[in-house]
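The values are calculated or read from the model by the stated rules, or taken from the named source; none is laboratory data. Remember, predicted model here, so these are calculated numbers, not experimental data. Reconstructed Cβ throughout: ideal geometry from the backbone, glycine too, with neighbour counts over all protein chains shown. These accessible areas exclude ligands, DNA and RNA; they are computed on the full protein's heavy atoms, side chains included. Shrake-Rupley method; radii C 1.70, N 1.55, O 1.52, S 1.80 Å.
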Amino acid sequence: MLEPLAHIGRDPRTGGYLRDAWSPADLELREWFAGEAARRGLDLREDRNGNLWAWWGDPSPSRPGVVTGSHLDSVRQGGAYDGPLGVVSAFAALDVLRERGVQPSVPVGVACFTDEEGARFGVPCVGSRLLTGVLAPERALGLTDDEGDTLADVLRKAGRDPDALGRDDETLRGVGVFVELHVEQGRGLVTEGRPVGVARAIWPHGRWRFDFRGRADHAGTTRLADRDDPMMPFARLVLAAREEAERLGVVATVGKVRVSPGNANAIPGLVSAWLDARGPGERAVRELVAALTGGAAVHEESWTPEVRFDAALRDRLARVAGGGEPVPILPTGAGHDAGILAAAGVPSAMLFVRNPTGVSHSPQEHAERADCEAGVVALADVLEDLCR
Ligand code: HGY
Ligand code: MN
Ligand code: MN
Ligand code: MN
């Protein structure tokens, strides 16, 4: 199913994907999206924050539409399915509706949210957070990537107007309900023995940057007693994060570290480390971060409260997606645009497609073709039900 996109941003050495927001790969993916919309005669719109919408019918506040979609950007060396499966399945499900001769009573939209992973600028779900007003444009525009380019610089280079960013009520009011199909990032469906499931809730989760400052000096001529080496508190952070996470029953990850200036023969002046912490309860996640912040300059880069999807909509999807036997309803520790929209009051839900290993954010991420096809049929059934 993902073959048309498989070559875009793929690293041939690893099979992983490099699809940073607004990178050449991302721009190529946006072109692909536009082509898919054109092939189907859909009305393509790019909103003020760079999110893409392909409409079958004309949404309005008085006649909001049913929208399905996801994102196309990836984490660095990410897998093929996280994001793209939801966008490809959205177009495929719309095709199924047309093959069935369905005449929707409301507009149907396919959405692609920009910069969901936050791999380049550090904040996840930038497009949906800007759309819903939970991320201030001035903060977004000042975010910088590893080379020091700001989002504003990058948008200008991509021919977009940085000053246009901001909450977009007109677009939001056109979305009556949003359903995101996503490869499961975990093994819940493997355990349940089912190809498709529905999301119950998204764990609260956040990202913090820890800056450890020291004194750069010579690796060979500086006595140990004279060192102010930021690597030491950094190393303690990583070990403490694991210990606290085990104690509190949450998960904590340090997956990105930037050592400045990065000489093998010099004590660094600065070590920046990014902590990702999540768990089934907000209090425990906050307690973990509080236990770790001593001695470092800590910057909260993002915080997403727990999202519990609307139970009536969730159960309706579980029934419809499962035909006679409702599909499993599962929590997830992964963040999604559907969670940002749900938190903003947009009726939202998620369909999961089985991932045989549960592995994600890795080139090893995979979903079987038959399960992906079952996901499209389930999504088409759900859309048909919602569009009656
Ligand atoms: O990081 C996440 O949870 C999601 O995959 N963006
Ligand atoms: Mn992801
Ligand atoms: Mn995703
Ligand atoms: Mn750059």
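Selection over the range 156-172 of residues that are open to solvent by less than 60 Å² (accessible area, probe 1.4 Å) and within 12 Å of ligand 4 (Cβ to nearest atom) gives a count of 1.
The residues in the range 357-388 that are assigned to a loop (DSSP other than H, G, I, E, B) and open to solvent by 40 Å² or more (accessible area, probe 1.4 Å) can be counted, and the count is 8. In the condition set (1) outside the structural domain of PRO59 (by TED's automatic domain parsing); (2) crowded, with 19+ Cβ neighbours inside 10 Å, HIS182 is compliant with all but (1).
Is the range 267-279 home to any residue that is open to solvent by 70 Å² or more (accessible area, probe 1.4 Å) and among the basic types (Lys, Arg)? No, because not a single residue in the range 267-279 is open to solvent by 70 Å² or more (accessible area, probe 1.4 Å) and among the basic types (Lys, Arg).
Give the residues of the range 101-120 that are out of contact with any Phe, Trp or Tyr (no Cβ under 9 Å at 6 or more places or on another chain) and either assigned to a loop (DSSP other than H, G, I, E, B) or more than 16 Å from ligand 1 (Cβ to nearest atom) (or both), sorted by residue number.
If we filter the range 101-120 for residues that are out of contact with any Phe, Trp or Tyr (no Cβ under 9 Å at 6 or more places or on another chain), which is where we start, we get 101-103, 105-106, 113, 116-119.
Selection gives GLY101, VAL102, GLN103, SER105, VAL106, GLU116, GLU117, GLY118, ALA119.
Residues in the range 307-327 that are assigned to a loop (DSSP other than H, G, I, E, B) and surrounded by fewer than 18 Cβ atoms within 10 Å (Cβ to Cβ): ASP310, GLY322, GLY323, GLY324, GLU325, PRO326.
SER62 passes every criterion in (1) touching a Lys or Arg at 6+ places or on another chain (Cβ under 6 Å); (2) open to solvent by 10 Å² or more (accessible area, probe 1.4 Å) apart from (1). Only a single criterion out of (1) touching a Ser or Thr at 6+ places or on another chain (Cβ under 6 Å); (2) of a type outside the set (Ser, Thr, Tyr); (3) more than 16 Å from ligand 2 (Cβ to nearest atom) is not satisfied by ILE340, namely (3).
Between ARG278, ARG316, ARG308, the distinction of being in contact (Cβ under 8 Å) with a residue 40 or more places away in the chain and within 16 Å of ligand 2 (Cβ to nearest atom) belongs to ARG278 only. The numbered conditions (1) within 19 Å of the chain's Cα centre (by Cα); (2) among the hydrophobic types (A, V, I, L, M, F, W, C); (3) closer than 30 Å to VAL67 by Cα are all true for VAL154 except (1). Considering the range 83-97, and only residues there that are over 16 Å from ASP385 (Cβ atoms) and open to solvent by 10 Å² or more (accessible area, probe 1.4 Å), the residue that is nearest to ligand 4 (Cβ to nearest atom) turns out to be VAL88.
Output yes when any residue across the range 37-55 is open to solvent by 70 Å² or more (accessible area, probe 1.4 Å), outside any loop (DSSP other than H, G, I, E, B) and small (Gly, Ala, Ser), and no when none is. Yes, the range 37-55 contains at least one residue that is open to solvent by 70 Å² or more (accessible area, probe 1.4 Å), outside any loop (DSSP other than H, G, I, E, B) and small (Gly, Ala, Ser).
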